[in-house]
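Taken together, the values in this text are just the output of simple stated rules run on the coordinates, not laboratory data. It should be emphasised that the depicted structure is a prediction, and the values quoted were computed from it without experimental measurement. Counting neighbours? That spans all protein chains shown, and the Cβs are built from the backbone with ideal geometry, glycine included.
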Amino acid sequence: MGTRSTAHGVSSGQRLESLDAFRGITIAAMLLVNNPGSWEYVYPPLEHAEWNGWTPTDLIFPFFLFIVGVALTFSLARRRERGADRGRLLRKILVRSLVIVAVGILLNGFPGYDLSTLRLPGVLQRIGLVYLASASAWVLLSRGAVAALVLILLAGYWALMTLVPVPGFGPGHLEPVGNLAQYIDVHLLEGHTWKAEWDPEGLLSTLPAIATCLLGALSGEWLRERSPSGRTAGWMIVGGSVLLAAGLAWGRWFPINKSLWTSSYVLFTAGAALLVLALCYWLIEVRGWRSWARPACVFGANPLTVFVGSGIMARIFGRIQVGSGDAAMPLGRWLYERLCASWAGPLNGSLVYAIGFVLLWLLLMWPVYRRGWRIRA
């Protein structure tokens, strides 16, 4: 696996291995933070910020959406080269998006499905909706219009969240209860949200998430037109630094906040994503140092499979009971207490369990990667 460069840039027919590595690092980080041995014992960097601000964990989801944006420029270009017209591309985008959303809803309910309380939003649902909007915009609009759309989404979301009054709270209320996004979700998705009062993957906050993906697409198109070089990596670092600084500056008035997916959060995380991608790009495409990235590429080649499979496994570990009577406990807890916390202590044991979960999925996906299988939505 590698990247073929041409006089005009990276061939759309080849995978960008640095992008696979970045995607895989992101997926591995997701496995790590989603599967501690005990939620009572988690190191602070592996938890989300309580509300405003950020931790490394808060970078994972926007990183993935940014990667989706970069990847769609290559995949759509490849389909165009194979003769797909606009209508065919849009149908393919719609079908793929609906499949991702459907899988997300099914995963939310697994293994029991109570339709009266089934959570409708979710990570995969947001990915599906964001992909639908972003890929469609990429097919229908010029690149300049896409850039303008990003600005409209960011500025428009800021205006909605800070200027539109919420009944009982007024305008500009950005606390967990009383902000406009929360108000819309509670009224339109009543009984079907993550918590009774709000959902971090709600409806209105999906709009700025589209901007995250489109920033990735604009970066991917710029990258696709250039051959691998230190100069290209350098400009990626410059662009990432500018976005990151802009997010920090805007955050003084519109706080960086994952749950609200604020506009400052979009710029900050897109900048951080571009910096990490630049590092992977320089190491792999420019310097040719690929061996270190092979485990990451194992995850990056089939991210949806890992996400869904690990989610199902975690739920099964929570339902299988080990022991009997008062001593019975879920399999996941039993593994944590007996194999990890028993010698490493509760906090370090929780981390050891999470690392073991990551390594288990690396072992499961390695044969799939070696055979070149790509499981798509």
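Summary of computed values
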read-out: Label-to-label distance, nm, for residues given as L347 and R370 (7 Å Cα→Cβ offset); value: 3.9 nm
read-out: Cα-based equivalent ellipsoid, segment 93-158: semi-axes from gyration tensor eigenvalues, Å; value: 30, 14, 6
read-out: Under the span-like rule (Cα at least 15 Å along the axis, Kyte-Doolittle mean at least -0.5), DSSP H helices of the chain; value: 17-34, 60-81, 86-109, 123-140, 143-163, 206-224, 230-250, 263-281, 303-319, 346-370
read-out: Selection from L16, V164, L363 lying farthest towards where the dipole of the chain points positive, charges on Cβ; value: L16
read-out: Euclidean distance of C-alpha centroids, segment 244-279 and segment 140-193, integer Å; value: 17 Å
read-out: Magnitude of the charge dipole, the chain, Cβ model with Lys/Arg +1 and Asp/Glu -1, debye to 20; value: 1860 debye
read-out: Segment 19-89: trypsin sites (Lys or Arg not before Pro) in DSSP loop, at most 11 other beta carbons within 10 Å; value: R82
